[in-house]
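Heads up: the structure comes next, in structure tokens.
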Amino acid sequence: MTDAITNWAGNVTFGGRRLARPASVDELAELVAGSDRVRALGSGHSFNRLADTGGDLVTVAGLPPTVRIDPAGRRVRVAAGVRYGELAVRLHEAGFALANLASLPHISVAGACATATHGSGVGNGNLSTAVSAMELVTADGSVVTVDRTTDGFAGTVVGLGCFGVVTELTLDIEPTYQVAQHVYDDLPLTALATDWPALCAAAYSVSLFTDWSGPRFNQVWLKRRVDRDPPVPGPRWLGAVAADGPRHPVPGMPAGNCTEQGGAPGPWHARLPHFKLEFTPSSGAELQSEWFVPRDRLVEAVRALAGMADRIAPVLQVSEIRTIAADELWLSPCHRRDSAALHFTWQPDAVAVAPVLAAIEERLAPLGARPHWGKLFDLDPWAEPERADRLAAFRDLTHRYDPSGKFRNDLVDGWLAGD
């Protein structure tokens, strides 16, 4: 490529020979059929080389941004390149909603689902659990539709781009609802150990933020569904104090970039994300990692990391802990287990961060930690015996759709080692 293309954070420069932006599915199919190696590039909100290739990079952002709502079927067909923030507005205007959203609305629907990106909530699955069907262009240029009745569908949804270029997804929807967001400051870490199930279920969506500089969570964000959740506890809760104004989870960043707090009810899509679509999410200059542990091992995980807080804090911007419900998607980090995710937004210094990542993985691996596919990690994602079985099934499925490995790259080849 004549002009360097980087990911969102700028820590990855893609090596494709060109970046194609087809304007139609037919044009995309012709491009894929004629390429020896091709990968789809989403919104670029990955921190490793998952989307990279030495062949052709292709973006579906140029395809018509269709959104087709089926009120009777409670589903929506959406073009793969549409961002969640844009889809959400269309759904809400029509009286519908998604069950959950990620912390930022800037990401594309296809990219988020391909990596099992998620929001928070003990009863909420990751975003890919809403997918009931996908249309994709496969290796020979065929346009194929798969759905929940298709053999191996649970392996294709979180597909890491290995089955083809997704052009449309069909998502489950529900009637629109309102959410009120409340923030508390300075929750003692001991509150988690005392009654973590109640704390994590205190609202529809719960996020715990810490900079690991002391024995507390700096902030707790409670996102309460107005139609079903009880009122928040009051000005004091488990040793925490209600925030006296809006907050940003990253120290020093403007709170105006974040969705409205203070308990004012608003549309689901204006409260479930942490950040507004019109602003840069998080801090922008950052690296990210995330590991998922069984939810009932969350307290062990926090204790293990608290024991190395003096190493984490100097290279960290903020850390977030969330919960996600179990699912049946083969490559989902929450496959068949309710999970807690420990997310880290690092300073943009890969050399300083790398040894801290290694030390964290050493502590979390015995707890059954699984990595987020789009973040920085070195942990073996197949260490558990059950996950190794899923690897074999996933490999077989990729051969069915892509016998020559057209949609693979070096990183994916490493993850699927033994092929």
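The values are calculated or read from the model by the stated rules, or taken from the named source; none is laboratory data. Just so we're clear, the structure is a prediction, and the values are computed from it rather than from any experiment. Glycine gets a Cβ as well: all are built from the backbone with ideal geometry, and neighbour counts include every protein chain shown.
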Problem set entry | Matching residues, the stretch 368-380, being surrounded by fewer than 17 Cβ atoms within 10 Å (Cβ to Cβ) and within 18 Å of residue 335 (Cα to Cα) | 380
Seminar exercise, completed: Among residues of the stretch 47-84 being of a type in the set (A, V, I, L, M) and part of a loop (DSSP other than H, G, I, E, B), the residue farthest from residue 24 (Cα to Cα) is 72
Seminar exercise, completed: Over the stretch 229-256, the set of residues free of Cβ contacts under 8 Å to residues at least 24 places away in the same chain and not in a loop (DSSP other than H, G, I, E, B) is 236, 255, 256
Exercise. Within the set of pairs 6+ apart or on separate chains, which have a first residue in the stretch 281-294 that is within 11 Å of residue 8 (Cβ to Cβ), a second that is at pLDDT below 70, and C-beta atoms under 9 Å apart?
Worked result: 288/282
Problem set entry | Filtered residues of the stretch 1-55 (kept if loosely packed, with under 14 Cβ neighbours inside 10 Å and hydroxyl-bearing (Ser, Thr, Tyr)) | 2, 6, 13, 24
Exercise. Is there a residue being under 17 Å from the mean Cα position of the chain (by Cα), surrounded by fewer than 22 Cβ atoms within 10 Å (Cβ to Cβ) and in contact (Cβ under 8 Å) with a residue 40 or more places away in the chain anywhere in the stretch 108-115?
Worked result: no
For this session: Could you please let me know if residue 394 is out of contact with any Ser or Thr (no Cβ under 6 Å at 6 or more places or on another chain), aromatic (Phe, Trp, Tyr), outside any loop (DSSP other than H, G, I, E, B) and surrounded by 13 or more Cβ atoms within 10 Å (Cβ to Cβ)?
Result: yes
Exercise. Which of (1) within 20 Å of residue 179 (Cα to Cα); (2) without any contact (Cβ under 8 Å) to a residue 24 or more places away in the chain does residue 97 not meet, given it meets every other one?
Worked result: (2)
Problem set entry | Pairs, first outside any helix (DSSP H, G or I) in the stretch 23-38, second among the polar types (S, T, N, Q), C-beta under 7 Å, six or more apart | 37/53; 38/53
